[in-house]
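Below is one structure, written out as structure tokens; comments come after it.
No lab work stands behind these numbers, since they all come straight from the coordinates. All figures in this text were calculated on a predicted structure; none of them were measured in a lab. Note: ideal-geometry Cβ built from the backbone for every residue, glycine included; neighbour counts use all protein chains shown.
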Amino acid sequence: MTAVASPAEAPAPARTGTPPGPISITRCAAISMLVLALLLLGFVGYLFGLSGIQESGAQARLYTTFRYQLGQDLGPLGPYGALGRTGLGAPVAVLDIPSIGIRDLVVVQGTAPEQLTLGPGHLPDTPLPGQAGLSVIYGRRATFGAPFGQLGQLRAGAEITAITQQGRFVYKVVAIGGSQHPVRDVSLNRLALLTASSSMVPSYYIEVDADLVSAPQAGPAVLPAIAPDEQAMAGDDGALALTMVWGLALVVVSVGGAVAASRWSVWPVYLVLVPAVLAIVWNLYENFAAVLPNLF
């Protein structure tokens with residue numbers, strides 16, 4: 001008589017399936033590539049979308065501040081004004097260029113990438129608009145609201161108006177050139193507007209040159225030197241290190257959040273993790289954008 005094995009003695013069913021090692025590696029690689037693609041896509045969205053909203057908010061605040069300063073005779077007259085030294089990012093002028101739809105565009109002091117996130121920037125080692133000499137203003141072509149996105153459409157004879165603490169000044173466009181074809185203008189009192197050559201892959205800058213029609217005003221006798229990142233088409237080298245720091249912070253927080261979610265309840269971890277990740281990603285994008293050419 002054949003003995004029947006009890007359920008306890010029955011052999012365990014054989015385990016089937018692919019070994020977990022290769023699947024885990026492949027899955028991690030796929031997830032990493034997906035996250036990287038999402039980060040790059042998000043950065044493009046930040047540059048050409050969210051940065052414009054950021055610049056628009058800054059322009060509204062700067063316009064209110066500058067109107068108050070003009071009303072109180074506190075506007076800057078150069079590197080120093082009634083409020084002391086003109087700080088980088090402070091409003092110094094308002095531009096109107098009706099032929100390309102620019103109205104009440106606030107110009108800030110400084111041309112480094114950080115200042116040009118707020119709007120067009122005045123090159124500090126040149127006089128302010130309306131003052132005797134060559135005044136230079138940089139503006140972005142494609143990102144952070146693209147305030148000078150239509151600058152290349154200006155033609156000779158177009159009018160540019162600048163308002164500063166010293167009054168309202170009118171310029172007439174006389175020439176358009178760039179870093180590859182320098183403008184030749186012998187006029188002593190003029191305005192140069194610079195922006196990137198392309199909204200996709202900028203390799204040089206274009207320049208609109210305008211002569212002062214109004215009577216010039218006196219400017220400061222001594223002007224400050226500019227930093228390397230304030231030159232045309234320059235980026236902020238220091239922001240590259242901060243970009244890597246924020247990228248490392250994103251990795252650490254993401255890994256820490258994944259470990260926490262595997263050990264505790266998922267939703268509380270996500271409630272804490274998501275705001276932290278968004279803040280880190282925003283700072284990562286801001287610093288990465290500062291590495292790009294300041295006129296872009």
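Toward the positive end of the charge dipole of the chain, with +1 on the Cβ of Lys and Arg and -1 on the Cβ of Asp and Glu, the farthest Cα among S254, F48, G238 is that of S254. Distances between placed amide hydrogens fall under 5 Å for A175 paired with D209, all partners being 5 or more residues away or on another chain. [x] 166; [y] 154; [z] 177: which one is volume of the Cα convex hull per residue in Å³ as calculated from this entry? Of the listed options [x] 166; [y] 154; [z] 177, [z] comes from this structure.
Think of the chain as having a plus end and a minus end, set by charges on the Cβ of Lys, Arg, Asp and Glu; of N283, P293, A156, N283 sits farthest toward the positive end of this dipole. Charge dipole (Cα centre; +1 on Lys/Arg Cβ, -1 on Asp/Glu Cβ; no other charges) of the chain amounts to roughly 480 debye.
Only helices at least 15 Å long along their own axis, judged from Cα atoms, and with Kyte-Doolittle mean hydropathy of 0.0 or greater: name those in the chain from DSSP H. Walk me through the intermediate numbers first.
Numbers: long enough: 20-45 (37 Å, 1.77); 51-71 (30 Å, -0.54); 237-263 (40 Å, 1.49); 266-291 (36 Å, 1.58).
Span-like helices, by this rule, are 20-45, 237-263, 266-291.
For V107, the residues whose amide H sits under 5 Å from its own are V92, A93, V94, L95, ignoring neighbours fewer than 5 places away on the same chain, with H placed 1.01 Å from N. Proximity of backbone amide H atoms, modeled 1.01 Å from N, is registered between I102 and I97 at under 5 Å, excluding neighbours fewer than 5 places apart on the same chain. Quick one: grab the alpha carbon gyration tensor of the stretch 169-296, order the square roots of its eigenvalues as a ≥ b ≥ c, and give me rounded if a/c is under 1.5, else prolate or oblate depending on whether a/b is larger than b/c. Prolate, since a/c reaches 1.5 and a/b exceeds b/c. Rounded to the nearest 20 debye, the dipole size of the stretch 55-230 about its Cα centre is 240 debye, using +1 on the Cβ of Lys and Arg and -1 on the Cβ of Asp and Glu. With loop membership from DSSP and a limit of 13 other Cβ atoms within 10 Å, the longest segment of the chain without trypsin sites (Lys or Arg not before Pro) is 16-154. Counting 0.36 nm for each residue step from Q231 to A279 and taking away their Cα separation leaves a gain of 14.3 nm. Using a Gaussian network for the chain with springs between C-alpha atoms less than 10 Å apart, which of these wobbles most: G71, G57, G145? Maximum fluctuation in the GNM of the chain, among the listed residues, is at G71.
Rounded, prolate or oblate, given the Cα gyration tensor of the stretch 55-230, with a/c below 1.5 counting as rounded? Note, shape of the stretch 55-230 comes out rounded. Going 7 Å from the Cα of V213 along its beta-carbon direction, which residues of the stretch 146-166 have the amide nitrogen within less than 20 Å of the resulting point? It comes to 151-166, nothing else.
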